[in-house]
Amino acid sequence: MSKVALVTGGTRGIGEAISRGLKDAGYTVAATYAGNTEKAEAFKAETGIHVYKWDVCDPEACAAGVARVEEELGPVEVLVNNAGITRDGMFHKMDFDQWRAVLSTNLDSMFTMTHPVINGMRGRSAGRIINISSINGQKGQMGQTNYSAAKAGVIGFTKALAQENAFKGITVNCICPGYINTEMVAAMPEKVLESIVANIPVGRLGHPEEIAQTVVYLASDSAAFMTGSVLTINGGQYIANG
């Protein structure tokens, strides 16, 4: 029986590529989504990937959702914490709802999604947790104090959780994508997009599949000695030691 991989925000953008990549690698994939049922059902029909709807900000919904996935598919052996949102704005104009929404979805979800699977992984002495942060969690970004704070928190969460669980055979790693060619990025004004690409040394946006294949590697047995790592996949736009 194939291993079960659970991908949050797994039906669109980078998450969609991750879900497809893991399925192609032989995993049984469960992809969560928050709102667009039509898109999720179309994704399910096309790929055969199992889809589940719940709010990653809600701890009870997450616990119930994980329990349902494990009842229907088997124990979650790979968790990819990918779900995220933006509510951009300059800090002096930002209201608390903008702050709270991003911190809840992008950072609180590290707890709400990981907590329901961690004891099972510890009991089996095996597991892979892969968290998706961002280049802007490493370097910050004007207009994204909320997003940058949350994504920086994901890095700290990764490093601490890795230390707690390494002796149990569980690896915890983090990927910080740069600007990736998704619908969200493509919707930026053309001039803004041109200025972003001009600052990427390789001269292009990243492909979602490039993030997905890194996830596939981190989920594999070949990555058993890699934990607490922060991988920067940004075309050289920002270089930092993880």
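The values are calculated or read from the model by the stated rules, or taken from the named source; none is laboratory data. These numbers were taken from a predicted model, which means no experiment stands behind them. Using ideal geometry, Cβ is built from the backbone for each residue, glycine included, and neighbour counts are taken over all protein chains shown.
Please determine whether any residue of region 35-50 is within 21 Å of Arg128 (Cα to Cα), of a type in the set (Ser, Thr, Tyr) and touching a strand residue (DSSP E or B) at 6+ places or on another chain (Cβ under 9 Å). Within region 35-50, none of the residues are within 21 Å of Arg128 (Cα to Cα), of a type in the set (Ser, Thr, Tyr) and touching a strand residue (DSSP E or B) at 6+ places or on another chain (Cβ under 9 Å).
Residue-level check: of (1) part of a helix (DSSP H, G or I); (2) touching a residue at least 12 places away in the same chain (Cβ under 8 Å); (3) small (Gly, Ala, Ser), Gly123 misses just (2). Among residues that are closer than 15 Å to Tyr147 by Cα, of a type in the set (Asp, Glu) and surrounded by fewer than 14 Cβ atoms within 10 Å (Cβ to Cβ), Asp88 is not included. Scanning region 200-239 for residues that are surrounded by 12 or more Cβ atoms within 10 Å (Cβ to Cβ), on the phi < 0 side of the Ramachandran plot, more than 14 Å from the chain's Cα centre (by Cα) and not β-branched (Val, Ile, Thr) gives Leu205, Gly206, His207, Tyr217, Ser220, Ala223, Met226, Ser229, Asn234, Gln237, Tyr238. Taking helices (runs of 4 or more DSSP H) as the structural unit, no element lying wholly within region 167-242 holds at least 1 residues that are at pLDDT 95 or above, touching a Gly at 6+ places or on another chain (Cβ under 7 Å) and under 18 Å from Gly140 (Cβ atoms).
Residue-wise test of (1) without any contact (Cβ under 8 Å) to a residue 60 or more places away in the chain; (2) within 23 Å of Asn173 (Cβ to Cβ); (3) β-branched (Val, Ile, Thr).
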residue	(1), (2), (3)
Asp58	yes, no, no
Ala63	yes, no, no
Asn81	no, yes, no
Gly84	no, yes, no
Asp88	yes, no, no
His92	yes, no, no
Trp99	yes, no, no
Leu103	yes, yes, no
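Candidates are the residues of region 2-15 that are over 22 Å from Pro59 (Cα atoms) and surrounded by fewer than 24 Cβ atoms within 10 Å (Cβ to Cβ); the one that is modelled with the highest pLDDT is Lys3.
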